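Chemist: The structure under discussion is supplied below as structure tokens; questions concerning it will follow.
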Amino acid sequence: MQAIGRSRGGLTTKIHAVVDALGNPLCFELTPGQAHDSVMGYDMLSKLDLQNREILADRAYDTDVIVALIKEQNATAVIPSKRNQRKK
């Protein structure tokens, strides 16, 4: 699979990474630029053991399915709400 895609800026690639508290990479994936962050974020988080941890992410990952996945594993989601989110 090639991780090159079109976006407004032209041909781009995104690097998605999960890191520990010290910034050491646990896993990473490359996707085409037009791929949405939350889809890859869910895939990556679902493969990890999140028990009793705090999961920090940016607002692009504030989706119901990601927050539910984190709660199912008794972890705490530290994710700012999207500006257009009805329930903050």
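Chemist: Pick out which of 19, 67, 39 has the largest mean-square fluctuation in a Gaussian network model of the chain, springs linking Cα atoms closer than 10 Å.
Modeler: 19
Chemist: For the residue pair residue 22 and residue 82, what label-to-label distance in nm results when each label sits 7 Å from Cα along the Cα-to-beta-carbon direction?
Modeler: Taking the two extended label points, one gets 3.6 nm.
Chemist: In addition: Ordering 53, 83, 8 by how much accessible area each has at a 1.4 Å probe, largest first, what is the list?
Modeler: In descending accessible area the options line up as 8, 83, 53.
Chemist: From largest to smallest, what semi-axes in whole angstrom does the stretch 8-58 give when each is the square root of 5 times an eigenvalue of its alpha carbon gyration tensor?
Modeler: Semi-axes (√(5λ), whole Å): 23, 11, 9.
Chemist: Quick one: if you stick a label point 7 Å off each Cα along the C-beta vector at residue 15 and residue 72, how many nm between them?
Modeler: About 3.0 nm separates the two model spin labels.
Chemist: What is the list of residues in the stretch 15-37 whose amide nitrogen lies under 20 Å from a point 7 angstrom out from the Cα of residue 56, following Cα to Cβ?
Modeler: Residues 15-29 fall inside that zone.
Chemist: For 66, 15, 4, 55, write out the residues from largest to smallest accessible area, computed with a 1.4 angstrom probe and no ligands counted.
Modeler: Of 66, 15, 4, 55, the descending order of accessible area is 15, 4, 55, 66.
Chemist: In the chain, what percent of the accessible surface is made up of carbon and sulfur (1.4 Å probe, ligands and nucleic acids excluded)?
Modeler: Heavy-atom surface of the chain belonging to carbon and sulfur, 1.4 Å probe: 52 percent.
Chemist: Okay, next question. In Å², what does the accessible area per residue of the chain work out to with a 1.4 Å probe?
Modeler: 75 Å²
Chemist: Between 55, 33, 18, whose Cα lies farthest towards the positive end of the dipole of the chain when Lys and Arg beta carbons carry +1 and Asp and Glu beta carbons carry -1, centred on the Cα centre?
Modeler: It is 33.
The values are calculated or read from the model by the stated rules, or taken from the named source; none is laboratory data. None of the values given here were measured: they were computed from a predicted structure. Heads up, the Cβs are rebuilt from the backbone with ideal geometry, glycines too, and the neighbour counts pull from every protein chain shown. Each accessible area value is taken on the protein alone, full model and side chains, heavy atoms only, with ligands, DNA and RNA left out. Shrake-Rupley method; radii C 1.70, N 1.55, O 1.52, S 1.80 Å.
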